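Undergrad: Quick one: the structure is below, and I'll ask about it shortly.
Computed from the coordinates by the stated procedures, all read-outs in this text should not be read as laboratory data. Please read these numbers as outputs of a predicted model, since none were measured by experiment. In this analysis, Cβ positions are derived from the backbone assuming ideal geometry, glycine residues included, and neighbour counts consider all displayed protein chains.
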Amino acid sequence: MIDLSISKSLQGDSGSFSLKVDIKLDKGSFTAIQGKSGAGKTSLLRLISGLLLPDKGKITVGEQEWFNSESRINIPTQKRGLGYVSQDYSLFPHLTVLENLEFALPKGQNKKEILELIEVTALGDLQHSKPKLLSGGQQQRVALARALVQKPKLLLLDEPLSALDPETRRNLQSYIINVHQNYGLTTLMVTHDTAETLKMANHLLIMENGLITKSGKPTELLGNQSVSGKFQFTGEIIDIKPEGVVNIVSVLIGKDLVRVIAELNEIEALSVGDKVLVASKAFNPILKRLD
């Protein structure tokens, strides 16, 4: 169980605002955090990690208090037993990719874990390179691998897959889910990708101006409650092609390509690249844009 009851005065693009969070998260949950830029999502992760100090409140993980303003408890970041992938990667510039991972490997843990991560993150050809020679996406993969190699009890991810190509992104989504489940992690992930949230998370927090305005299952908060049917999947439109009086909409769902017949009025608000909900209604697939 993670018990957060904290507040912090912050400065945003639109001026100062207060972050106030009072939530409890179950052990083993995978929680996505969504909201507009400047809502306080990254600040929340930094407060949990100890990289940012709350003005007041407390943070309790399991039976251990990580922070308590009244008792003046503040456990250092390196002693909190967490993995954190930030937007700035924070790699050691003087170490190679392999050495960055070896540095993070806990004592006594098999180095086989590193070789597996290097393969999954497609870093084999780069393992002897230093960060300055890597692209942003490559550095992001290294940062993710370094966090995962620690097998942390709490994993904090700040848009960890945003700079990756679609195939690597899908592979790492699956890998993160497997690691989360197999090692009993509790994971919090900031993301702007609705499809990613629906695929990976079992709990969703929506933030606005430093406050948690909604909390619940992703399918309930993001899905359209007016849409019913035998099935519902999320995907991305990759092509819309006129075919006589109708249109053929090609939707990528995972690794599968699904083609849906849609009338003109059904696709007026849709375009290539949109995330959509594909659902059945009266045995005919329908499309609903996910905002």
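Undergrad: For the chain, what ratio Rg/Rh do Cα atoms give with a Kirkwood hydrodynamic radius? Intermediate results must be reported in sequence, preceding the final value.
TA: Values: Rg = 20.9 Å, Rh = 20.8 Å.
Ratio of gyration radius to Kirkwood radius for the chain: 1.01.
Undergrad: Which pairs break 31 Å Cα to Cα here: Lys79/Lys130; Lys130/Lys153; Lys112/Lys255; Lys27/Lys214; Lys79/Lys275; Lys132/Lys217? The partial results should precede the final answer.
TA: Details: Lys79/Lys130 27 Å; Lys130/Lys153 28 Å; Lys112/Lys255 28 Å; Lys27/Lys214 20 Å; Lys79/Lys275 40 Å; Lys132/Lys217 40 Å.
Among Lys79/Lys130; Lys130/Lys153; Lys112/Lys255; Lys27/Lys214; Lys79/Lys275; Lys132/Lys217, the Cα-Cα distance tops 31 Å for Lys79/Lys275; Lys132/Lys217.
Undergrad: Taking a virtual spin label 7 Å from the Cα of Gln11 along the C-beta vector, which residues in the range 41-57 bring their backbone nitrogen under 20 Å of it?
TA: 41-47, 51-56
Undergrad: Go ahead and estimate [θ] at 222 nm for the chain from helices alone: -39,500 (n - 2.57) per DSSP H run with n ≥ 4, summed, over the residue count, rounded to 500. Before the final figure, lay out the partial values.
TA: On the way: 8 runs with 72 residues, N = 291.
Computed mean residue ellipticity for the chain: -7000 deg cm²/dmol.
Undergrad: Once amide H atoms are placed 1.01 Å from N in the peptide plane, what residues at a sequence separation of 5 or more from Asp239, or on another chain, have their amide H within under 5 Å of its amide H?
TA: Answer set, sorted by chain and number: Ser250.
Undergrad: Starting from the Cα of Tyr183, step 7 Å toward the Cβ, then list every residue of the range 77-103 with an amide N under 14 Å from that point.
TA: Only 81-85, 101-103 pass the distance filter.
Undergrad: Take the Cβ-Cβ distance between Lys255 and Met1 as r, set R0 to 25 Å, and report the resulting FRET efficiency rounded to the nearest 0.05.
TA: The computed FRET efficiency comes out at 0.10.
Undergrad: Once fully extended, how much extra length lies between Lys56 and Ile75, figured as 0.36 nm per residue of separation less the alpha-carbon to alpha-carbon distance?
TA: Values: separation 19, 0.36 × 19 = 6.84 nm, distance 1.47 nm.
Length difference between fully extended and current span is 5.4 nm.
Undergrad: Determine the sum of side-chain charges near Gly184: Lys and Arg each +1, Asp and Glu each -1, restricted to other residues whose C-beta is under 9 angstrom from that of Gly184.
TA: On the way: positive: Lys27, Lys153; negative: none.
Taking every Cβ under 9 Å from that of Gly184, the sum is +2.
Undergrad: Within 9 Å, Cβ to Cβ, of Gly254, how many net charges do the neighbouring residues add up to if Lys/Arg are +1 and Asp/Glu are -1? Provide the component values of the computation, followed by the final result.
TA: Numbers: positive: Arg170, Lys199, Lys255; negative: Asp256.
Residues close to Gly254 contribute a combined charge of +2.
Undergrad: If packing is taken as the average number of other Cβ atoms within 10 Å across a peptide's residues, how do 167-173, 236-242 rank, most packed first?
TA: Numbers: 167-173: 16.9, 236-242: 14.3.
Top of the packing list down: 167-173, 236-242.
Undergrad: Got a sec to turn the phi values of the range 21-29 into Karplus ³J(HN,Hα) couplings, 6.51 cos²θ - 1.76 cosθ + 1.60 with θ = phi - 60°, whole Hz, x for Gly and Pro?
TA: 10, 9, 9, 10, 10, 6, 4, x, 7
Undergrad: Then there's this: Using +1 on the beta carbon of Lys and Arg, -1 on that of Asp and Glu, and nothing else charged, what's the dipole of the chain about the Cα centre, debye to 20? Working shown, then result.
TA: Details: 34 positive and 32 negative charges, 161 e Å.
That gives a dipole near 780 debye.
Undergrad: Could you please report the charge total around Pro218, scoring K, R as +1 and D, E as -1 over all other residues with beta-carbon less than 11 angstrom from its beta-carbon?
TA: Working: positive: Lys199, Lys214, Lys217; negative: Glu196, Glu220.
Counting the neighbours of Pro218, the net charge comes to +1.
Undergrad: Right, another one. Toward the positive end of the charge dipole of the chain, about the Cα centre and with charges on Cβ (Lys, Arg +1; Asp, Glu -1), which of Gln139, Pro76, Leu126 goes farthest?
TA: Comparing the listed Cα positions along the dipole, Pro76 ranks first.
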